[in-house]
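One structure below.
The values are calculated or read from the model by the stated rules, or taken from the named source; none is laboratory data. These numbers were taken from a predicted model, which means no experiment stands behind them. Glycine also receives a Cβ, built like all others from the backbone with ideal geometry; neighbour counts cover every protein chain displayed. Ligands, DNA and RNA are excluded from the accessible area calculation, which covers all protein heavy atoms including side chains. Shrake-Rupley method; radii C 1.70, N 1.55, O 1.52, S 1.80 Å.
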Amino acid sequence: MTYTLYYSPGAASLAVHWMLIELGIAFEAKLVSIDDGAQKSAEYLRLNPTGRIPTLVIDGKPHGESTALLMLLAERHSEKGFAPAPGSAERADYVEMMIFLANTILPAMRDWFYADSDGDPAGADAVKALARRRIEAAWDRLDARMADGRTHLLGKEPGAADFLATMLMRWSRNMPRPATGWKHLAPYIHRMRARPAFLDLYAREGLTEWQN
Ligand SMILES: N[C@@H](CCC(=O)N[C@@H](CS)C(=O)NCC(=O)O)C(=O)O
């Protein structure tokens, strides 16, 4: 199995980069700097016509969508236990959580950060206000889930859902109400950020903000 990740520091590639490190498998990481607009280069668009990060080339074939990539990696390296096995009692919870993160929080985050450029700048404030409401409601929902004392979103063990959720929580760090302000999310975030692979990820991506 061969993997090449096209990433930009802190972008939606972060969860995939993190999980590749957690898996302890060989992969190549290629920087496509959003700050430099490299995601719109002809070379990158050939791999990912959406011009968005990430792309993961799996055995020679490029694929996008961070959530799908996490689910694929969990499936291809199932021995690591980053997703409950198909048919297991825990699988439904996992699928529901991944779709919630991908379908509710990711698009709201996109609206929060890209309202001006994806849409009409004149309506951006309204788009951002709705996005903020959706994101904060999502933190409420995840906080309520963690209130039973579980250490990770699906129970005791970390997995694909945690890498994705933590990345999304990180993106809220400069929002009016960052995820770290929720009672049960704060210790969860602290736990996820203490993982050696998270520190390794930060070193590889040159990130400094939002550490324990
Ligand atoms: N649904 C996609 C979202 C990808 C996305 O919006 N990536 C952002 C970075 S977080 C991006 O490429 N932004 C640059 C741009 O849109 O030009 C995923 O989860 O992979």
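Numbers at a glance
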read-out: One residue from A85, A26, A42, A89 being modelled with pLDDT under 95 and open to solvent by 50 Å² or more (accessible area, probe 1.4 Å); value: A89
read-out: Within segment 48-70, tally of residues that are near the ligand (Cβ under 7 Å from one of its atoms) and surrounded by fewer than 17 Cβ atoms within 10 Å (Cβ to Cβ); value: 1
read-out: Flag for Y6 being within 12 Å of the ligand (Cβ to nearest atom), modelled with pLDDT of 95 or more and within 20 Å of L168 (Cα to Cα); value: yes
read-out: Selection within segment 115-136 - β-branched (V, I, T) and either within 14 Å of the ligand (Cβ to nearest atom) or open to solvent by less than 30 Å² (accessible area, probe 1.4 Å) (or both); value: I135
read-out: Residue in segment 29-43 that is without any contact (Cβ under 8 Å) to a residue 40 or more places away in the chain, assigned to a strand (DSSP E or B), farther than 30 Å from G155 by Cα and under 20 Å from the mean Cα position of the chain (by Cα) present; value: yes
read-out: Unique match (being in contact with a Phe, Trp or Tyr (Cβ under 8 Å, 6 or more places away or on another chain), more than 10 Å from the ligand (Cβ to nearest atom) and closer than 23 Å to Y114 by Cβ) among L23, L45, L31, L14; value: L31
read-out: Residue in segment 182-205 that is surrounded by 15 or more Cβ atoms within 10 Å (Cβ to Cβ) and of a type in the set (D, E) present; value: yes
read-out: Residue list for segment 88-132, filter: assigned to a helix (DSSP H, G or I) and charged (D, E, K, R); value: R91, D93, E96, R110, D111, D116, D118, D125, K128, R132
read-out: Qualifying position, being within 16 Å of the ligand (Cβ to nearest atom), over 21 Å from W18 (Cβ atoms), touching a residue at least 40 places away in the same chain (Cβ under 8 Å) and surrounded by 13 or more Cβ atoms within 10 Å (Cβ to Cβ), among W171, W112; value: W112
read-out: Test: T180 is among the hydroxyl-bearing types (S, T, Y) and more than 16 Å from the ligand (Cβ to nearest atom); value: yes
read-out: Residues that are among the polar types (S, T, N, Q) and touching a Lys or Arg at 6+ places or on another chain (Cβ under 7 Å), drawn from segment 89-137; value: T104
